[in-house]
Amino acid sequence: LLHINPMPRVKSFPPIENPAAHILILGSMPGRESLRAGQYYAHPRNAFWRIMGELFDAGPGVPYAERADRLRASGVALWDVCKEAVRPGSLDAAIDLKTVVTNDFKRFFREHPGIAHVCVNGGTAHRLYVRSVQPILPEPLSSLPLHLLPSTSSAHASLRFAQKLERWRLLDELLAA
């Protein structure tokens, strides 16, 4: 009798959060390097922390805990849409959509009433949020402005770093508004 091991479920991290945050940045779920390190966006070729370095002085040369503190101090929260899902490897395209369990956004928004904008890191996070989160949120939460930003993943190579950074500068505009 052949016994097939089920694919392991990938579980995301708690948010980097501040009750006074104004912006929530959402990824889809952590990749292998991030899971191994226990840190958001740990893959060295992912541009996320380089971009955060340009925007909030929270670059990859700063210790991870301090990067998280600098995001918090800037009014930025960071989380993933997926609480858990089956995903072989690290690519978003490999997420088994039938297995996705989303994080508890009703609770998150209740505990972070100042969130005025949701920014998603790439198309998969955007699709997951629109399909699985927005429909279950009450108004006005379901109508929070949603901004699709280019994926910081090295797998998303159609834009150069400077182009990604230019689009991500929207965070500065949103925080200044």
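Within the chain, how many Lys pairs that are eight or more residues apart, or on different chains, come under 17 Å at the alpha-carbon? Could you put the intermediate results ahead of the total?
Values: Lys11/Lys83; Lys11/Lys98; Lys83/Lys98; Lys83/Lys106.
Step by step, the pairs that qualify in the chain add up to 4.
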- Task: Any chance you could run the full-extension gain for Glu54 through Asp172? It's 0.36 nm times the residue separation minus the Cα-Cα distance, nm to one decimal.
- Result: 41.4 nm
- Message: Amide H of His147 versus every other amide H placed in the peptide plane: which residues, excluding those fewer than 5 positions away on the same chain, fall under 5 Å?
- Response: Val118, Cys119, Val120
- Task: Determine the per residue accessible area of region 35-77 with all protein chains present and a 1.4 angstrom probe, expressed in square angstrom.
- Result: 49 Å²
- Query: Taking the Cα-to-Cβ direction at Gln163 and at Leu137 and moving 7 Å from each Cα, how far apart do the two end points lie in nm?
  - Reply: 2.9 nm
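Find out how many positive minus negative residues lie around Asn46, taking Lys and Arg as positive, Asp and Glu as negative, among other residues whose Cβ is under 14 Å from that of Asn46.
On the way: positive: Arg32, Arg36, Arg45, Arg50, Arg67, Lys164; negative: Glu33, Asp80, Asp92.
Summing Lys/Arg as +1 and Asp/Glu as -1 gives +3.
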- Note on the structure: The long-range amide H neighbours of Thr102, using H built 1.01 Å from N in the peptide plane and a cut-off of under 5 Å, are Lys83
- Message: So I have (1) 42, 41, 30; (2) 62, 39, 30; (3) 50, 43, 38, and one of them is Cα extents along the principal axes in Å calculated from this model. Which one is it?
- Response: (2)
- Message: Could you tell me how far the Cα centroid of region 42-67 sits from the Cα centroid of region 120-177, in Å?
- Response: 18 Å
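Tell me, in nm to one decimal, what length is gained between Val86 and Arg32 on full extension, where the rule is 0.36 nm per residue of separation less the Cα-Cα distance? Before the final figure, lay out the partial values.
Working: separation 54, 0.36 × 54 = 19.44 nm, distance 1.26 nm.
Result: 18.2 nm gained on full extension.
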- Rounded to a whole %, the carbon-and-sulfur portion of the accessible area of the chain at a 1.4 Å probe is 55 percent
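The values are calculated or read from the model by the stated rules, or taken from the named source; none is laboratory data. Just so it is clear, the model here is predicted, and its values are computed rather than measured. A quick note on method: Cβ atoms are made from the backbone with ideal geometry, for glycine too, and the neighbour counts reach across all protein chains shown. Calculation scope for accessible area: heavy atoms of the full protein, side chains included, ligands and nucleic acids excluded. Shrake-Rupley method; radii C 1.70, N 1.55, O 1.52, S 1.80 Å.
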